[in-house]
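Asks: Attaching a single structure in structure tokens format; questions to follow.
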Amino acid sequence: MHPMPQIPKDDNLKCTPYDLEKPTQAWTRLSELFELEDPLLERTFFLEGYDFSSNVYVVEDDGFTIIDPGNDYTAFLQFFDLGFDPAQAKRVWVTHGHFDHAMGVLELAKYKAIREKAAMEVVMHEAGPEELKKNLEELGFPVRLVRGGETLSTGRFQLEVIYTPGHTADGVCFFHRDSGVLFSGDAVLPHGLSAPDKHGGGRLDHLLFALRELLELPVTHLLPGHGWPVKDLGKRVVEASYEEMIKHMIGAEAEVSCEVAARHLIGKGLLVEALYCADKALRFQPGDARALRIKVMCLNDMGRFEESLVAVSELEALVGTSEDADPVFVKTARGYALMGVGRYAEALDHFDALLQENPELKDVQMYKGMALYLSGRQEEALDIEVFQEEFVGRFKEEFLKKAEARKESAQNPSR
């Protein structure tokens, strides 16, 4: 089975140190760097960050949209020396408030053409640094605060704001769906994971959820806050970051199989990640009964019952070939999924068949009680002792009173 990738053992995730000795690249048009004809890439310039500055991106469209202005005063000296007019700097979008990504906006404010117009809009998350917001407001620049879910425009290009906390509380990415370009800031890096900055509100669990959301995007090209832009394999970099985070969450110190990872994740209640691991195992080995069993468990627990029924059928086809394709589990899981989609009569048929073979199956008794109760047969459900004790619990008396009231009402319809 394909193993999960290794990540650092230390509780604080570390980024691979930036190579400060490496000569920096001059401003480069991304379409030339990638050797691709793409409308957005043709209008986007890139400057590799170094020392204490992030990568800087400039989209030349309706004026200039600067994504992460970095923290290097020479960056814009070089850019405007190429013949570009500072007065065309209309927007600055900040992925998060760390000084190596954001402080360059104050360098831009020193240009006379920008300072005198004071029209350059700065977009940042509402949880961004208050001091930076205050400085910009004092300089007269409009500040637009976002939460995630907004659409921003450079003119002809529309980019989605994706809220990605974890490294900091104010992290956002900018995604251009038409070309699959993701400006990822420090949420996704090509060389490893960014450690959460606790002083900036960073949290590991938030980073996991952010990566989970980014995984759903059709990313093609990754334009990170540090490191070299990634052509075509952006989705794979997002997946690798997500898998590293999964391994960290389960505390694995060595290579582990997807199946082992999934079982640990289920124990932590991380069903989305457990399902991801099961699906990955099935990509490499479609007939893996263990992975299918985990997938069925996750889908049922997540309420994705239609998908579960499909997976149950796949597992049922393996009955007799693997002990993980246990017929009792298959029938129980199918009955549970049928109950979930409201097909109570079919679910009860499965539960009754199982109990006829083995009346002591407590879980099946419970599920039968649930199916009876949900189908309106409350009195029959409450006759099942396990259902009363385990499912009804402290609401037992209330349910019994309601059942009795319904019974009396049926016997005396005039009352």
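The values are calculated or read from the model by the stated rules, or taken from the named source; none is laboratory data. Quick caveat, the model's predicted, so the values are computed rather than measured. FYI the Cβ positions are ideal-geometry reconstructions off the backbone, even for glycines, and counts take in every protein chain you see.
Asks: Being part of a helix (DSSP H, G or I), surrounded by fewer than 24 Cβ atoms within 10 Å (Cβ to Cβ) and over 30 Å from the mean Cα position of the chain (by Cα): is that true of F84 here?
Replies: Against the criterion (part of a helix (DSSP H, G or I), surrounded by fewer than 24 Cβ atoms within 10 Å (Cβ to Cβ) and over 30 Å from the mean Cα position of the chain (by Cα)), F84 does not qualify.
Asks: Looking at R293, is it assigned to a helix (DSSP H, G or I) and surrounded by 22 or more Cβ atoms within 10 Å (Cβ to Cβ)? If you could, list the steps in order and put the result at the bottom.
Replies: Details: assigned to a helix (DSSP H, G or I): yes; surrounded by 22 or more Cβ atoms within 10 Å (Cβ to Cβ): yes.
It is true that R293 is assigned to a helix (DSSP H, G or I) and surrounded by 22 or more Cβ atoms within 10 Å (Cβ to Cβ).
Asks: Can you tell me which residue is farthest from the chain's Cα centre (by Cα) among those in region 94-126 that are small (G, A, S) and surrounded by fewer than 21 Cβ atoms within 10 Å (Cβ to Cβ)? Walk me through it before giving the result.
Replies: So the first thing to find is which residues in region 94-126 are small (G, A, S), and the list is 97, 102, 104, 109, 113, 118-119.
After this cut, where a residue has to be surrounded by fewer than 21 Cβ atoms within 10 Å (Cβ to Cβ) as well, the list is 109, 113, 118-119.
Details: A109: 35, A113: 41, A118: 37, A119: 35 Å.
My answer is A113.
Asks: Here's a follow-up. Which of the strands (runs of 3 or more DSSP E) found entirely inside region 157-224 contain at least 1 residues meeting this: closer than 17 Å to V146 by Cβ and at pLDDT 95 or above? I'd like the intermediate steps shown before the answer.
Replies: On the way: elements: 158-163, 172-176, 181-185, 221-224.
Because the criterion is at least 1 residues that are closer than 17 Å to V146 by Cβ and at pLDDT 95 or above, the strands (runs of 3 or more DSSP E) in region 157-224 that meet it are 158-163, 172-176, 181-185.
Asks: Here is a follow-up. Considering only residues of region 266-282 that are in contact (Cβ under 8 Å) with a residue 24 or more places away in the chain and charged (D, E, K, R), which is nearest to L207 (Cα to Cα)?
Replies: Residue satisfying both the conditions and the ranking: E273.
Asks: Output the residues belonging to region 236-265 that are free of Cβ contacts under 8 Å to residues at least 40 places away in the same chain and not in a loop (DSSP other than H, G, I, E, B).
Replies: Residues of region 236-265 free of Cβ contacts under 8 Å to residues at least 40 places away in the same chain: 236, 239, 242, 250-251, 260, 262-265.
Listed by number, the residues that qualify are R236, E239, Y242, I250, V260, A262, R263, H264, L265.
Asks: Which residues, taken from region 266-281, are assigned to a helix (DSSP H, G or I), more than 12 Å from C298 (Cβ to Cβ) and either touching a helix residue (DSSP H, G or I) at 6+ places or on another chain (Cβ under 8 Å) or among the charged types (D, E, K, R) (or both)?
Replies: The first filter runs over region 266-281 and keeps only residues assigned to a helix (DSSP H, G or I), leaving 266-267, 271-281.
If we keep only those that are more than 12 Å from C298 (Cβ to Cβ) too, we end up with 267, 280-281.
Within region 266-281, K280, A281 meet the criteria.
Asks: Still on this structure, I have one more. Can you tell me which residues in region 49-81 are touching a residue at least 60 places away in the same chain (Cβ under 8 Å) and either crowded, with 22+ Cβ neighbours inside 10 Å or not assigned by TED's automatic domain parsing to the domain that holds F175 (or both)? Full working, then the answer.
Replies: Taking region 49-81 first, the residues touching a residue at least 60 places away in the same chain (Cβ under 8 Å) are 49, 54-55, 57, 59, 61-63, 65, 67-68.
Those that are touching a residue at least 60 places away in the same chain (Cβ under 8 Å) and either crowded, with 22+ Cβ neighbours inside 10 Å or not assigned by TED's automatic domain parsing to the domain that holds F175 (or both): G49, S54, N55, Y57, V59, T65, I67, D68.
Asks: Now, a different point. All but one of (1) at positive phi; (2) touching a helix residue (DSSP H, G or I) at 6+ places or on another chain (Cβ under 8 Å) hold for P86; which doesn't?
Replies: (1)
Asks: Within the set of pairs 6 or more residues apart or between chains, which connect a residue that is in contact (Cβ under 8 Å) with a residue 24 or more places away in the chain inside region 99-117 to a residue that is of a type in the set (S, T, Y) and surrounded by 21 or more Cβ atoms within 10 Å (Cβ to Cβ) with Cβ atoms less than 7 Å apart?
Replies: D100/S53; D100/S54; H101/S54; H101/T95
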